[in-house]
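In what follows, a structure is listed as structure tokens, so that the remarks can point back to it.
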Amino acid sequence: MEKVIDIEDRIPTLKKRRKKRTNRKFIVLILLFFIVLAVLLYFQSPYSNINKITVNGAKLVDNEHYVETSTLALGKSMWGFKIEDVENLLLKDKWVKEAHVKRNWLRGVTIDVKEWKKVAYLAGDGTYYPLLENGERFEQKGNDTPIDAPVFIGITGEKTIKKLVAQLAQLKPEVLALISQVNTNSNDTNPNAVKLYMNDGYEVRAIIQTLADKLNYYPSIVAQIANLEKGVIDLEVGSYYRPFNEEYNKISIDMEANEDGEMVDQEVTEDEQQEE
């Protein structure tokens with residue numbers, strides 16, 4: 001026979017349980033109150049303001065430019081801006097390829113930028129304008145002769161420049177670093193012909209449209225002719241090599257008068273010209 005517990009005997013137990021629940025609720029409410037209070041005090045205190053802004057990846061411009069563009073500033077609220085909005089502001093600069101902003105606990109902000117790579121310089125009026133791999137011209141000019149990228153000489157026309165830049169951007173870094181200067185070599189037959197002067201002493205002739213595909217093999221081409229004298233590597237149609245002596249010591253034409261006073265052509269070699 002089961003023992004029946006009287007309701008009066010259960011009341012103390014029920015009261016204890018009810019009291020524990022009430023105490024738990026009260027503790028939770030107190031904790032929530034202090035958390036909300038702490039958050040409010042934090043947002044009202046200087047501890048919620050930016051005290052450090054770090055910029056990584058700036059090469060074309062200084063760090064201060066990106067801080068100014070972001071509209072962030074020391075003393076501003078850490079939570080008074082949207083990360084996406086700041087990143088979009090940074091991407092308005094045509095030389096910025098990627099931009100990432102993050103908050104660093106507790107009071108720091110980091111700006112990481114990835115700029116478009118500089119692949120060449122455009123010479124003009126005694127100055128040099130950097131050309132970026134996206135085809136844009138960086139407007140901050142310099143007067144010193146560049147040494148970290150090839151210089152375009154006589155290359156004109158926005159479309160031509162952008163096509164040439166796009167080709168250089170596809171080159172292997174070690175090949176691009178070997179190019180000192182790019183000159184126009186255009187003619188009636190091919191207006192897209194260019195002449196490249198290499199840092200290792202060779203001259204390369206190529207067509208803009210096929211420049212990257214062919215010039216990426218430059219190291220292996222040079223390795224095959226390393227024991228020969230320096231010369232011209234022609235990549236316009238096929239791929240062949242001529243020493244400078246054969247290329248530039250060609251027969252020239254001098255105009256002289258004959259006994260009747262008429263002008264006639266006379267073939268003179270470069271050696272003969274030097275003797276004269």
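Where a number appears in this text, it was derived from the coordinates with a stated rule and is not lab data. Only a predicted model underlies this, so the values are computations on that prediction, with no experimental measurement involved. No Cβ is skipped: glycine too gets one built from the backbone with ideal geometry, and neighbour counts run over all protein chains shown.
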- Projected onto the charge dipole of the stretch 116-253 (unit charges on the beta-carbon of Lys, Arg, Asp and Glu, signs +1, +1, -1, -1), the Cα from 164, 153, 184 with the largest positive-side position is that of 164
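What is the gain in length, in nm to one decimal, between residue 71 and residue 88 on full extension, counting 0.36 nm per residue of separation less the C-alpha to C-alpha distance?
Taking residue 71 through residue 88 to full extension adds about 5.0 nm, to one decimal.
With the cut-off at 1.5 for a/c, could you classify the stretch 116-253 from its C-alpha gyration tensor as rounded, prolate or oblate?
Prolate.
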- Query: How big is the Kirkwood radius of the stretch 52-187, worked out from every pair of different alpha carbons and given in Å to one decimal?
  - Reply: 16.6 Å
- Task: Provide the packing ranking of 202-215, 122-135, i.e. peptides ordered by the mean count of other C-beta atoms within 10 Å per residue, highest first.
- Result: 202-215, 122-135
- Using R₀ = 25 Å, calculate the FRET efficiency as 1/(1 + (r/R₀)^6) where r is the Cβ-Cβ separation of residue 237 and residue 166; round to 0.05. 0.70
- Provide the packing ranking of 112-121, 47-56, i.e. peptides ordered by the mean count of other C-beta atoms within 10 Å per residue, highest first. 112-121, 47-56
- the stretch 45-113, convex hull of Cα, quarter of hull surface, nm² -> 4.0 nm²
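Tell me, in nm to one decimal, what length is gained between residue 40 and residue 59 on full extension, where the rule is 0.36 nm per residue of separation less the Cα-Cα distance?
Difference between extended and current length: 2.8 nm.
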- Rotationally averaged projected area of the stretch 149-215 (alpha carbon convex hull; nm²): 4.2 nm²
- Which of 138, 32, 83 sits farthest toward the positive end of the charge dipole of the stretch 23-160, with +1 on the Cβ of Lys and Arg and -1 on the Cβ of Asp and Glu? 32
- Fully extended contour minus Cα-Cα distance, from residue 139 to residue 26, at 0.36 nm per residue: 34.2 nm
